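Everything below concerns the one structure shown next.
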There are 2 protein chains.
Amino acid sequence: MSNALSLPVLEPDVVEPCCPPLTERPLTAEESERTAVMFKALSDPVRLRLFSLVASHPGGEACVCDISDVGVSGPTVSFHLKKLKQAGLLASERRGTWVYYRVEPSVLAAMGALLTSPVRA
Amino acid sequence: MSNALSLPVLEPDVVEPCCPPLTERPLTAEESERTAVMFKALSDPVRLRLFSLVASHPGGEACVCDISDVGVSGPTVSFHLKKLKQAGLLASERRGTWVYYRVEPSVLAAMGALLTSPVRA
């Protein structure tokens, strides 16, 4: 059984980006379920602001210890950062006391591409 | 008083896009309130799918009469299209019996730009 410990831990909550630009073809039901999760993560004003704080932080990462002046408590900040991680928008790493969050650039780029219209002939 | 009738009707519900890329600087509280509304409009799977149907429809516009196979009733389709309009993502025009919806390309482009990382030095 000890071999099993070396297997990577799956994170079923983390969402993978998908799909062509929204102007190219209609999304399937499955694609829209998957993609809506990412938009939902950015649909709360506090969470969106926290995401921009992490995304624009020097070094490209931030912990709860770096975040103040958002008008919500530390535990609430942690809660929202976890939600962003579950939606696949942030990755995290524990170092000592703190968990550091950084933006997943590929996910952000995929979301940006979804909203970008290809040039039409 | 009759002169007042020729004044344009303001649409206080319609949201204007704003703000630099999320990776550039933290959003202010006001900017995040404003921007979260647009992400919220795309955070429902049915609404996101309807948006992609309108966005990718030949001619760039669609009415409820063009939309089927999304698993919800006509009135529900109308409800979601109105929500997308209130969030500033769709514009509409009535022609005869039907209201035609089309994507606001500038709003879509602004949302795409928000999620696009500038190249870092």
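Bear in mind these aren't lab numbers, they're just calculated from the coordinates by the rules spelled out. Computed from a predicted model, the values in this text were never measured in an experiment. Counting neighbours? That spans all protein chains shown, and the Cβs are built from the backbone with ideal geometry, glycine included.
Rounded, prolate or oblate: which fits the range B:16-84 when a ≥ b ≥ c are the square roots of the eigenvalues of the alpha-carbon gyration tensor, with rounded for a/c under 1.5 and prolate only if a/b beats b/c?
Note, shape of the range B:16-84 comes out prolate.
Residues with beta-carbon under 11 Å from that of A:VAL46, excluding A:VAL46: net charge, scoring Lys, Arg +1 and Asp, Glu -1?
Its environment carries a net charge of +1.
Distances from B:GLY74 to the same residue in each other copy, label points 7 Å out along Cα→Cβ, in nm, shortest first?
So the distances to the same position in the other copies read 5.8 nm.
Defining the label point at 7 Å along Cα→Cβ, can you sort the distances from B:SER117 to the same site in each other copy, shortest first, in nm?
2.7
Under a point-charge model restricted to the Cβ atoms of Lys and Arg (+1) and Asp and Glu (-1), what is the dipole moment magnitude of the range A:16-114 relative to its Cα centre, in debye to the nearest 20?
240
In peptide A:103-111, what is the residue-averaged number of other protein chain Cβ atoms found within 10 Å of each Cβ?
Across the residues of A:103-111, the mean count of other-chain Cβ atoms within 10 Å is 3.
Within a 10 angstrom radius of each residue's Cβ in A:17-27, how many Cβ atoms of other chains show up on average? Whole number is fine.
5
Let me know the mean shielding of A:60-73 by other chains, meaning the per-residue number of their Cβ atoms within 10 Å of its Cβ.
Mean shielding by partner chains, rounded to a whole number: 1.
From the Cα gyration tensor of the range A:57-117, with a ≥ b ≥ c the square roots of its eigenvalues, which class applies: rounded if a/c is under 1.5, or else prolate if a/b is larger than b/c, or else oblate?
Here the range A:57-117 falls in the prolate category.
Mind listing the label-point distances from B:ARG102 to the same position on all other copies, shortest first, one decimal in nm, points 7 Å along Cα→Cβ?
Result, one decimal in nm: 4.4.
Which pairs break 28 Å Cα to Cα here: A:LYS82/B:LYS85; A:LYS85/B:LYS82; A:LYS85/B:LYS40?
Table pairs above 28 Å Cα-Cα are A:LYS82/B:LYS85; A:LYS85/B:LYS82.
R0 = 35 Å: FRET efficiency of B:GLU24 with B:VAL70, Cβ-based, nearest 0.05?
0.45
Return the loop-located trypsin sites (Lys or Arg not before Pro) in the range B:31-121 (DSSP other than H, G, I, E, B) with at most 14 other Cβ atoms within 10 Å of their own Cβ; answer none if there are none.
B:ARG120
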